[in-house]
Structure formats: C-alpha cells, structure tokens
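The values are calculated or read from the model by the stated rules, or taken from the named source; none is laboratory data. Just so we're clear, the structure is a prediction, and the values are computed from it rather than from any experiment. Here Cβ is always computed from backbone atoms with ideal geometry, including for glycine, and neighbour counts include all displayed protein chains. Accessible surface areas use protein heavy atoms only, side chains included; no ligands, DNA or RNA. Shrake-Rupley method; radii C 1.70, N 1.55, O 1.52, S 1.80 Å.
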Amino acid sequence: MKTDIKLIQDGKRLDNRRLDELRPIKIEAGVLHRAEGSCYLEWGGNKVIAAVYGPREAVPRHTQNPLRAIVNARYNMAAFSVDDRKRPGPDRRSREISKVISEALENIIIVERYPRASIDVNIEILDAEAGTRCAGLTAAAVALVDAGIPMKDIPVACAAGKIEGQVVLDLGKDEDNYGQADLPIAISPRTGQILLLQMDGHLTLDEFNQALDLAMKGCYTISEMQKKAIMEKYQKVEEVK
Ligand code: ADP
C-alpha cells in the first residue's frame with residue numbers, strides 16, 4: 001500500500017527499534033485461579049490472556065476421537081481491543097486464527113495420551129496492536145505448560161516482515177498496515193520444526209528466507225522468556241510450601 005508515512009528513518013523504525021529488534025515482551029504464568037493453566041502476556045501494545053481447560057471428556061460425544069485428544073483453541077478479540085469497537089463474537093478472521101493455532105498445538109501436544117478427550121485453549125485478546133496470533137499462541141503455550149499438559153516442546157511464535165523494501169522483525173501496527181509483507185511463524189524451538197507459517201503480502205525467495213531466519217531468531221529469544229515465566233511461577237509455589 002502506498003503511504004506518506006516513513007516507516008524507517010536513519011536505520012530506525014517508528015518506535016525507535018532496530019530492524020531486528022522485538023517489541024518489549026512480558027510474560028506471567030498462572031494468573032487465573034479457575035483455569036487449569038493460564039498466562040498473561042504483553043507484547044508491545046498487545047495484551048493477551050490464555051486459559052487452558054482439560055484434558056476432559058470431549059462433548060458433544062461425536063467430536064471424540066477414540067485414538068487421541070482433540071485440541072480446541074478459541075481465539076477471540078475483545079470488542080474493546082481495537083480503536084473502533086469490534087463487533088463481538090466469532091468472525092471469519094478469528095475462526096481462521098483459531099484453526100491454525102489449534103493445528104499448530106495439535107502437532108506438539110502428546111494427544112495420543114488422552115483418547116476421547118478435549119483440551120480447550122481460550123485466547124482472549126484484550127488489546128490488539130498487530131501480531132496477536134503470535135502473541136496468542138505464545139501465551140497459549142505457557143498456559144498449556146501451566147496446566148501440566150504433556151508436550152514434545154514449548155511452542156513459540158513470532159513474525160518478521162517487509163517494510164520500505166527491508167526485512168524487519170516483529171511488525172508493529174503501522175508497519176503491518178502500511179508495510180509490504182508479514183510472515184508469522186510458530187516453531188518447536190528444540191527441533192526447529194515449523195508448526196505454523198502464514199504470509200500476507202509479497203516477498204522474493206531471498207527475502208522470504210531472510211524473514212524466516214529473522215522470525216526464527218525472534219522465536220528463540222521469546223522461548224527463553226516463556227521458560228523464565230514458567231520457572232518464576234513454580235519458584236513462587238516452592239516458596240509458599
Ligand atoms: P495479527 O494480529 O495476528 O497480526 P492481522 O494481521 O489479521 O492479525 O491483524 C493485524 C492487526 O489489525 C491486529 O493485531 C489488530 O490490531 C488489527 N485488527 C484486526 N482485526 C481488526 C478489526 N476487526 N478491527 C480493528 N482492527 C483490527
């Protein structure tokens with residue numbers, strides 16, 4: 001999209017970030033008492049809560065799989081999360097995001113251990129400022145660990161993109177609106193396996209490889225923050241004992 005906004009000036013972005021710099025991220029595990037596992041995450045201007053229930057018997061029964069658990073991730077944007085009030089309830093975009101997050105998580109949770117069960121992952125976007133699917137999946141992963149759901153790894157997500165012809169890490173709101181491409185990914189950091197990859201806009205093969213590499217690096221940095229948040233929660237539990 002053509003715009004007069006200069007997204008990069010003197011090598012710096014609108015919010016003063018370097019091209020390969022993430023927005024500030026804060027992660028807290030175990031913030032809700034009723035859910036089996038939960039996480040609160042702030043990522044730039046995004047604020048996200050993830051809550052996990054289960055494994056529990058899947059209902060209605062025809063949804064049950066006799067060989068494994070089903071994973072139901074439900075991504076929801078609060079009406080007050082964006083500038084103009086968003087019409088409440090599911091829409092095409094939130095159904096798509098719920099589906100891709102469910103599929104990413106299904107590939108990392110050891111679903112064979114819970115036949116006929118469902119694992120429900122609620123992702124509530126309280127404040128949205130671009131990159132909410134990555135923020136939502138990253139929070140969901142911490143909530144799943146907090147719920148004690150067995151997984152092969154702790155998945156993590158991050159995006160890279162292209163603005164003003166340059167590949168950059170973690171697009172902010174204006175960069176997402178006026179930039180040329182966005183490439184959100186989720187990975188298993190232990191193996192480097194890609195669990196989710198979507199692309200909006202156009203990249204050459206070279207730019208795509210550069211963006212993928214940068215997003216991977218972002219994932220590894222955020223993965224350490226996830227682990228720290230989990231350790232902090234269980235350190236507190238130890239201290240109370
Ligand atoms: P993501 O949040 O994963 O980047 P999109 O690229 O679809 O997903 O959305 C980018 C941003 O656009 C969102 O983070 C949010 O700030 C904004 N947005 C999305 N849907 C709406 C909506 N219905 N109304 C207003 N803003 C929206």
For region 68-81, in residue order, the Karplus 3J(HN,Hα) values (coefficients 6.51, -1.76, 1.60; θ = phi - 60°; whole Hz; Gly and Pro = x) are 6, 7, 9, 10, 10, 8, 10, 8, 9, 9, 5, 4, 8, 7
Region 98-222, dipole about Cα centre (Lys/Arg Cβ +1, Asp/Glu Cβ -1), debye to the nearest 20:
580
Only four residue types carry charge here, +1 at the Cβ of Lys and Arg and -1 at the Cβ of Asp and Glu. Report the dipole size of the chain about the Cα centre in Debye, rounded to the nearest 20.
760
Among L183, A143, Q64, which residue has its Cα positioned farthest towards the positive end of the charge dipole of the chain, with +1 placed on the Cβ of Lys and Arg, -1 on the Cβ of Asp and Glu, and the dipole taken about the Cα centre?
Q64
The whole-number value in µm²/s of the Stokes-Einstein translational diffusion coefficient for the chain, with Rh from the Kirkwood sum over alpha carbon pairs at 20 °C and 1.002 mPa s, is 117
As a check on your grasp of the helix formula, calculate [θ] at 222 nm for the chain: sum -39500 (n - 2.57) over DSSP H runs of n ≥ 4, divide by the residue count, round to the nearest 500.
-10000 deg cm²/dmol
Modelled label-to-label distance, R93 and Y220, 7 Å Cα→beta-carbon offset: nm?
3.3
Share of accessible surface on carbon and sulfur in the chain, whole %, 1.4 Å probe and ligands ignored, is 50
At 1.4 Å probe size, with every protein chain present, just tell me what the per residue accessible area of the chain comes to in Å².
52
Those helices of the chain passing the 15 Å axial Cα length cut-off and the mean Kyte-Doolittle cut-off of 0.0 (DSSP H runs only) are 132-146
Using per-residue counts of other Cβ atoms within 10 Å, averaged over each peptide, order 136-143, 188-195 from highest down.
136-143, 188-195
